[in-house]
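Below is one structure, written out as structure tokens, with a few remarks after it.
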Amino acid sequence: MRMKEKGEWIRESYEVIDAFPFVQGVLYYTAYRQKNEAVSEGEPVRTRFVHALDARAFHGESGRDFEKLLMRDEDAFFPVQEVFIEDGVLYQVYRKLEGTLLAHYLYHTLPLPLDRAMWILRRITGHLLRLYDQDQFTMVHPQNVLLAPGGAVRFIYGGPVGLLPKGGLHPQPSADGQRREDTYDAFTVGALAYTMFTGNSPTAFSLTPAPIRQFREDVPEELEDWIMRTLSFNPEQRPTIEEMARFFHKVTAKIEGESEGLFGWERMLL
């Protein structure tokens, strides 16, 4: 799939302003207007983010399966307003994005204070559990997480299991597939946690991640142990997302009890 350049059009309705390689496919930042529409100088430009994916990776059909992408869980995902295929590319147009990409936020703030990191981890694992129950999936990656107003955390890419690819996987709604999903997500959640706590990738210096407390001592030893287990090369040694969600809740409750008004930061995030 060729990445479009600035000035090119998608469906004669979205003019490309910028393009970014994404966790899966390409994310375009576009001006939302008709190709033949006259634009007055100084007139505000409506913008939309548009996700592009090689249509051969889409395991579905137009119509009913497009409707499934439009009906994603809006507590976990940022809403999609339009889905279509053009020139062999599947496009998903998002409603006006409000918030900050986690990747951008981390670039300016790493490493995160313990309370902020735990807030994000709790929201992510909670969303994953709900998505499992709905046979939906996502990818845990800083590019794919949006910090929305009011402290909400939402994903951009993902949807019904079986329609879209997930890295090198193509999730399937089965018990065995669920376990593979769980261990895959556990690793990516652990990698994100490690980065938020240390400011480094788990494999920045070697294939074996250095202990988190080597970088900072305010991370409890038990929390460090859990994060390091999620990064195990043996998937069977990783905790499940359900176990992680319960543990993160326990850690957060303890921290919150020790610091009055600890989580007021999220109201000032954006």
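Laboratory data are not the source of any read-out in this text; all were calculated from the coordinates shown. What you are looking at is a predicted structure, and each value in this text was computed from that prediction instead of being measured. Quick reminder, even Gly has a Cβ in these numbers, built from the backbone with ideal geometry, and neighbours come from all protein chains shown.
Charges only on Cβ, +1 for Lys and Arg, -1 for Asp and Glu: so what's the dipole of the chain about the Cα centre, in debye to the nearest 20?
Details: 30 positive and 39 negative charges, 44 e Å.
Once rounded to the nearest 20, the dipole reads 220 debye.
Only helices enter this figure: runs of n ≥ 4 DSSP H residues, each worth -39500 (n - 2.57), summed and divided by the residues of the chain, yield -10500 deg cm²/dmol at 222 nm to the nearest 500.
Rg/Rh for the chain to two decimals, with Rh computed the Kirkwood way over all alpha-carbon pairs. Please report the intermediate quantities before stating the final value.
Details: Rg = 19.7 Å, Rh = 19.9 Å.
Rounded to two decimals, Rg over Rh is 0.99.
Dividing the Cα radius of gyration of the range 127-169 by 2.2 N^0.38 Å, with N the residue count, gives 1.19. Summary value for the chain: 16 percent relative contact order, contacts being C-alpha pairs under 8 angstrom separated by 6+ residues. Taken over the C-alpha atoms, the range 72-139 has Rg and Dmax values of 15.1, 46 angstrom.
What FRET efficiency comes out for K6 versus D54 if R0 is 22 angstrom and r is the Cβ-Cβ distance? Round to the nearest 0.05. List each step's numbers first, then the result.
Working: r = 21 Å, r/R0 = 0.96.
According to the calculation, E is roughly 0.55.
Of K4/K96; K68/K250; K166/K254; K4/K166; K35/K68; K6/K35, which ones are farther than 24 Å apart at the Cα? Too far apart for the 24 Å limit: K68/K250; K166/K254; K35/K68. Taken as Cα centroids, the range 11-62 and the range 202-246 sit 38 Å apart, rounded to the nearest whole angstrom. Taking GluC sites (Glu not before Pro) in DSSP loop conformation with at most 15 other Cβ atoms inside 10 Å as exposed sites, the chain has its longest uninterrupted site-free stretch at 99-216. Here the dipole of the range 100-261 is about 400 debye; that uses its Cα centre as origin and unit charges on the Cβ of Lys and Arg (positive) and Asp and Glu (negative).
A simple packing score, the average count of other Cβ atoms within 10 Å per residue, orders the peptides 125-132, 196-203 as 125-132, 196-203, with the highest score first. Taking only the Cα atoms of the range 100-261, the ratio Rg/Rh comes out at 0.95, with Rh defined as the Kirkwood radius.
When every alpha-carbon pair in the range 1-96 is counted, what percent end up more than 21 Å apart? Cα-Cα pairs in the range 1-96 separated by more than 21 Å: 33 percent.
Treating the beta-carbon of each Lys and Arg as +1 and of each Asp and Glu as -1, no other charges, what is the dipole magnitude of the range 9-94 about its Cα centre, to the nearest 20 debye?
On the way: 9 positive and 16 negative charges, 18 e Å.
For the range 9-94, the charge dipole is close to 80 debye.
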